[in-house]
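The values are calculated or read from the model by the stated rules, or taken from the named source; none is laboratory data. Everything quoted here is computed from the prediction, not taken from an experiment. Cβ atoms come from the backbone with ideal geometry, glycine included; neighbour counts cover every protein chain shown.
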Amino acid sequence: MKMMKETLLRIFDLLLEKYGPLGWWPADSPFEICVGAILTQNTNWLNVEKAIANLKQEKLLTPHGLRDLPLERLAAVIRPAGFFNVKSVRLKWFINWLYDSYGGSLERMFSADWRELREEMLLVKGIGRETADSMLLYAGHKPTFVVDAYTVRLFSRLGLVRENGGYEEIRSLFMDNLPGDAKLFNEYHALIVRHGKEHCRKKQRCAGCILHLLCR
């Protein structure tokens, strides 16, 4: 376990040295992060930014604004994010749950025990593990690690996880071997995403990769 911790921290240090602090997630409020976590499903961040900008322009980026907005109108506003009909329904499911369980207050929601809250969130339609962990980590500053396609690709190539490993199996690599520090998890995941875009793509770009010698 000690060796794994040292390995993970070494990878983090190399990535941090390469890219510097990234300050992710870019948003003006925790609620914007939660909305973005749903909108980013199956699309790229540029499309999410356009949808978020539309919501801001229409002054709708609040729990109250989205709760009272007709579903068809919401779908039209978030159209740039893709799969807008599906995502509008998922946003409504999340907002309805937020009001039913916490009176529409993210502050009340995040004041709950985050492990219990995570299990509760996973029962909400449209909120999967990656989305729930993104909300908890980036909006709620809770020490849970986010696993995405970049994480799986990089750490399977490094030989630290199975490429077909399940979400919880891969998440446990970080949860079990690193300090439970939300700031560390935040920066680590952001660095993984950045490195995945720069080098560790589906078609690898190993030239100039600082982790190349660690790969299998």
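Quick rundown of the values:
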| read-out | value |
| --- | --- |
| Qualifying positions in the range 53-83 - without any contact (Cβ under 8 Å) to a residue 12 or more places away in the chain and either within 11 Å of ILE38 (Cβ to Cβ) or hydrophobic (A, V, I, L, M, F, W, C) (or both) | ALA53, LEU69, ALA76 |
| Where a residue in the range 14-34 is part of a helix (DSSP H, G or I) and its partner, wherever it lies, is among the charged types (D, E, K, R), with Cβ under 6 Å and at least six apart | TYR19/ARG194 |
| Only one of TRP114, TRP97 that is more than 30 Å from CYS200 (Cβ to Cβ), among the aromatic types (Phe, Trp, Tyr) and crowded, with 17+ Cβ neighbours inside 10 Å | TRP97 |
| THR131 vs. criteria modelled with pLDDT under 95 and under 19 Å from the mean Cα position of the chain (by Cα) | no |
